[in-house]
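Undergrad: I'd like to ask some things about the structure below.
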Amino acid sequence: MNEHVDSDARVWRAGSGPPLVLLHGEFGDASTYWGPIVGSVSEHFDLILPDLPGFGESPSLADYRPQTYLFWLRQLADAIGPETSDQPPEPAARSQILLGGAGFGATLARLFAARYYTRVSRLILSGGGTLERPSRLRGLFSRIAPGAVGGKRGGGPRSADDLFYDPFRHAGPEFRRALDRTRPARERVLQACHEAPLPPQLTPMCTTLLLWGNEDRYCPLATQQAIVGEIGDTRQVDIFEAGHMVTIEQPHRFSAHLIDFAASRG
């Protein structure tokens, strides 16, 4: 997997084929979420895995509002070209991308696909993609007790164990360190999401795959059903014996369903 560093983000890239951009969630960085599936997915796609600004080794943005992240993501999408090219593609040559995300990354992916609907051919959401109207009271509470921010996700995880179906196997020291490293960015993102107004475009126009761990306690299956009601053109796959961090617990099943969906035309 190749590494690209520029002024905006650190981006990991592997494979060849149609470009597939995957956005990680709030409990780690690109390596945490997507490392287990790089080998299999990169055999079929040009896999593009950024550390979101403020996470991993990417510098922070001026603020953490979803709209600011969307502007950054548009710049990233505009810069995507062949792996061997040192120059960004001309505007007329920019093609559609496959776009996916987990957790907060799924919310960003959904909003991007809704706003820039001509740029996304297919959308994959895992354990995220819900939208909440901003609340001044919730924003104030998030500043007073950022670790206790709740919402539709039932108050959030109390510990790393809550993110897994089998925490004994998967919530080890390495994951817990990643969780600690991302805590400041996670708290700022959640606060911004509770305070900033939502963009006007909320509904993606492309076919969407909802790829969920059936034991996801952080973003339960009821949330998936709410997204189905909001988007409409969706396909649903529930992966058994997986919690919120489904790419860590069931990477082979996740990869198989993602590849099948992204490569299909129907």
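Where a number appears in this text, it was derived from the coordinates with a stated rule and is not lab data. Only a predicted model underlies this, so the values are computations on that prediction, with no experimental measurement involved. For neighbour counting, all protein chains shown are included, and Cβ atoms are generated from backbone atoms with ideal geometry for every residue, glycine included.
Undergrad: Hey, can you grab everything whose amide H is under 5 Å from the amide H of residue 60? Only 5+ residues off in sequence or another chain; H modelled, so Pro and N-termini drop out.
TA: Residues meeting the criterion, in which the H sits 1.01 Å from N, are 54.
Undergrad: Determine the equivalent ellipsoid of region 212-266 by diagonalising the alpha-carbon gyration tensor, then write out the semi-axes as square roots of 5 times the eigenvalues, largest first, rounded to whole Å.
TA: 18, 18, 6
Undergrad: For residue 45, what residues show an amide H to amide H distance below 5 Å, using hydrogens built from the backbone and excluding near sequence neighbours?
TA: Close amide H contacts, sequence-distant or interchain: 16.
Undergrad: Which whole-Hz ³J(HN,Hα) couplings does region 23-37 yield from phi under the Karplus relation 6.51 cos²θ - 1.76 cosθ + 1.60, θ = phi - 60°, glycine and proline marked x?
TA: 9, 6, x, 8, 10, x, 10, 4, 5, 4, 7, 9, x, x, 10
Undergrad: What is the distance in Å between the Cα centroid of region 207-246 and that of region 8-81?
TA: The distance from the Cα centre of region 207-246 to that of region 8-81 comes to 21 Å.
Undergrad: So what J values fall out for region 107-115 if you push phi through Karplus, 6.51 cos²θ - 1.76 cosθ + 1.60 with θ = phi - 60°, rounded to Hz, Gly and Pro as x?
TA: 4, 4, 4, 4, 5, 5, 5, 6, 7
Undergrad: A follow-up question, please. Long-range amide H contacts for residue 239: which residues qualify at under 5 Å (H placed 1.01 Å from N, peptide plane, sequence gap of 5 or more or a different chain)?
TA: 212, 213, 214
Undergrad: While we're here: Would you order 121, 264 from fewest to most other beta-carbon atoms within 10 Å of each residue's own beta-carbon?
TA: By the 10 Å Cβ count, ascending: 264, 121.
Undergrad: Which number do you get for Rg(Cα) / (2.2 N^0.38 Å) in region 28-75?
TA: 1.31
Undergrad: If you don't mind, another one. In whole Hz and in residue order, list the ³J(HN,Hα) couplings for region 197-212 that follow from phi through the Karplus curve 6.51 cos²θ - 1.76 cosθ + 1.60, θ = phi - 60°; x for Gly and Pro.
TA: Once θ is set to phi - 60°, the couplings for region 197-212 become x, 6, x, x, 8, 10, 10, x, 9, 9, 5, 10, 9, 9, 10, 10 Hz.
Undergrad: Counting only the backbone N, which residues of region 177-209 are under 18 Å from the spot 7 Å out from the Cα of residue 71 toward its beta-carbon?
TA: Residues 189, 192-193, 195-201 qualify, since their backbone N sits under 18 Å from the label point.
Undergrad: If you don't mind, there's one more thing I want to ask. Find how much the distance from residue 16 to residue 79 grows on full extension, using 0.36 nm per residue of separation minus their present alpha carbon separation; answer in nm with one decimal.
TA: Numbers: separation 63, 0.36 × 63 = 22.68 nm, distance 1.62 nm.
Extending this stretch completely gives an extra 21.1 nm.
Undergrad: How much of the pair distance distribution for region 171-223 lies past 19 Å, counting alpha-carbon pairs only, in percent?
TA: 61
Undergrad: Provide 212, 12, 72 in ascending order of the number of other Cβ atoms located within 10 Å of each residue's Cβ, fewest first.
TA: Taking fewest neighbouring Cβ atoms as first place, the list is 72, 12, 212.
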